[in-house]
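Remarks on the structure that follows.
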Amino acid sequence: MSWKYDYWIVKNYYNREERIQIANYIERNNDGMEKIEKTAVDANNKSKKNTNTFTIEWQKIKNYMGNLESSIHVLNEQNFGYHLYPFNNLSKALLNVYDSKKKGSYDWHYDSSLSDMFDCKLTILVNLSDKYTGGDLHFFNDHDYVVKDFIPGSLLIFKSHINHMVTPVKSGVRKTLTLFGNGPKFR
């Protein structure tokens, strides 16, 4: 495990077999594709996201995820200290598939909620990929820096308000599972 800047990373959280099983299950059993209005958009109302994004309810994948939810809550308590709600069965997870054939990428954005009742406090990424090049995760918080340790199998948790991006994938396919740690409105 390592801490750097505004994120916490656990390398090798899932092994290759687990990653492939989780990604394949989501691709076969998803609830559909993410709607454009759910993504970050530019000034022309065009999505900043160049991926295929599958949505799936937590209840459908939680049995494949092992202790992921508990790990997220423990890492939050130890490193961020946010008040987070537990995932409920209807919480949505996203499988972002960045294909090199489409130069899959996601331009600068931050994660947030449109709700008047809660805020998106943490973004949780699990790298379910096998092999790819490019697709580097960048953060911008006073300066631009690359998350170099986000290798296949890694679990990454970061403050959702941090501006971030994914550079175009050059070869292969980058697959990341995204979950959001929501909690009461910031005060």
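Within the chain, what whole-number % of the accessible surface is contributed by carbon and sulfur, with the 1.4 Å probe and all protein chains included in the calculation? Write down the numbers at each step before the final one.
On the way: 4790 of 10030 Å².
C and S fraction of accessible area: 48 percent.
Determine, for the stretch 88-134, the count of lysine pairs separated by eight or more sequence positions (or lying on different chains) whose alpha-carbon distance falls under 26 Å. Walk me through the numbers on the way to the answer.
Values: Lys92/Lys102; Lys92/Lys103; Lys92/Lys121; Lys92/Lys131; Lys101/Lys131; Lys102/Lys131; Lys103/Lys131.
Pairs that pass both the separation and distance tests number 7.
Of the listed values (1) 122; (2) 141; (3) 227, identify the label whose number matches volume of the Cα convex hull per residue in Å³ calculated from this model.
(1)
In whole Å, what is the distance between the alpha-carbon centres of the stretch 63-82 and the stretch 115-187?
Centre-to-centre (Cα) distance: 16 Å.
Could you sort Met65, Met33, Met117, Met165 by their accessible area in this structure, using a 1.4 Å probe and putting the largest first? Mind showing how you got there, number by number?
Values: Met65 0, Met33 90, Met117 140, Met165 35 Å².
The residues order as Met117, Met33, Met165, Met65, largest area first.
Can you work out the Karplus-derived ³J(HN,Hα) for every residue in the stretch 127-143? Use 6.51 cos²θ - 1.76 cosθ + 1.60 with θ = phi - 60°, whole Hz, and x for glycine or proline.
Computed from phi, the couplings for the stretch 127-143 are 7, 9, 6, 9, 9, 6, 10, x, x, 6, 8, 10, 10, 10, 9, 6, 7 Hz.
Using only protein heavy atoms and a 1.4 Å probe, report how much of Thr133 is accessible, in Å² to the nearest 10.
The accessible area comes out at roughly 70 Å².
Taking amide H positions as placed in the peptide plane 1.01 Å from N, state which residues far from Ser129 in sequence (5 or more) or on other chains have amide H under 5 Å from it.
Sorted by chain and number, the residues that satisfy this are Gly153, Lys175.
Using just the helices of the chain, give the 222 nm mean residue ellipticity in deg cm²/dmol: DSSP H runs with n ≥ 4 each add -39,500 (n - 2.57), and the total is spread over all residues, rounded to 500.
On the way: 3 runs with 30 residues, N = 187.
Calculated at 222 nm, the ellipticity per residue is -4500 deg cm²/dmol.
What spacing in nm lies between the two simple spin-label points modelled at Asp107 and Glu27, each 7 Å away from Cα in the Cβ direction?
2.8
For a quick check of understanding: with a 1.4 angstrom probe and all protein chains in place, what accessible area in square angstrom does Trp108 have, to the nearest ten?
Roll a 1.4 Å probe over it and Trp108 shows about 70 Å².
I need the peptides 40-48, 71-79 ranked by packing, meaning the mean over residues of other C-beta atoms within 10 angstrom, with the highest value on top.
Working: 40-48: 11.3, 71-79: 15.3.
By packing density, highest mean first, the sequence is 71-79, 40-48.
Fully extended, how many nm does the chain gain between Asn45 and Tyr145 (0.36 nm per residue separation, minus their Cα-Cα distance)? Provide the component values of the computation, followed by the final result.
Details: separation 100, 0.36 × 100 = 36.00 nm, distance 2.70 nm.
Result: 33.3 nm gained on full extension.
Tell me, what HN-Hα J-couplings in whole Hz come from the Karplus equation 6.51 cos²θ - 1.76 cosθ + 1.60 at θ = phi - 60° for each residue of the stretch 91-107, using x for Gly and Pro?
4, 8, 10, 10, 10, 8, 10, 9, 9, 5, 5, 9, 6, x, 7, 8, 5
For Asn50, enumerate residues with amide H under 5 Å from its amide H, sequence gap 5+ or separate chain, H modeled in the peptide plane.
Ser105, Tyr106, Asp107
Hey, can you find the accessible area per residue of the chain for me, probe 1.4 Å, expressed in square angstrom?
Values: 10030 Å² over 187 residues.
On a per-residue basis, 54 Å².
What percent do you get for the relative contact order of the chain when only Cα pairs under 8 Å and 6+ apart count?
29 percent.
With each label point set 7 Å from Cα along the Cα-Cβ vector, what nm distance links Ser70 and Asp99?
3.8
Between Gly135 and residues 5 or more places away or on another chain, which pairs have amide H atoms under 5 Å apart, with H built 1.01 Å from N, and which residues are they?
Thr167, Val169, Lys170
Quick one: ranking Tyr132, Tyr64 by accessible area, 1.4 Å probe, largest first, what do you get?
Values: Tyr132 50, Tyr64 85 Å².
Result of the area sort, largest leading: Tyr64, Tyr132.
Which of the peptides 139-152, 82-95 is most tightly packed, and how do the rest follow, judged by the mean count of other Cβ atoms within 10 Å per residue?
On the way: 139-152: 14.1, 82-95: 15.7.
Order by mean packing, descending: 82-95, 139-152.
The values are calculated or read from the model by the stated rules, or taken from the named source; none is laboratory data. On a predicted model such as this, the values are computed, not experimentally measured, just so you know. Neighbour counts run over all protein chains shown; Cβ positions are idealised from the backbone, glycine included. Accessible surface areas use protein heavy atoms only, side chains included; no ligands, DNA or RNA. Shrake-Rupley method; radii C 1.70, N 1.55, O 1.52, S 1.80 Å.
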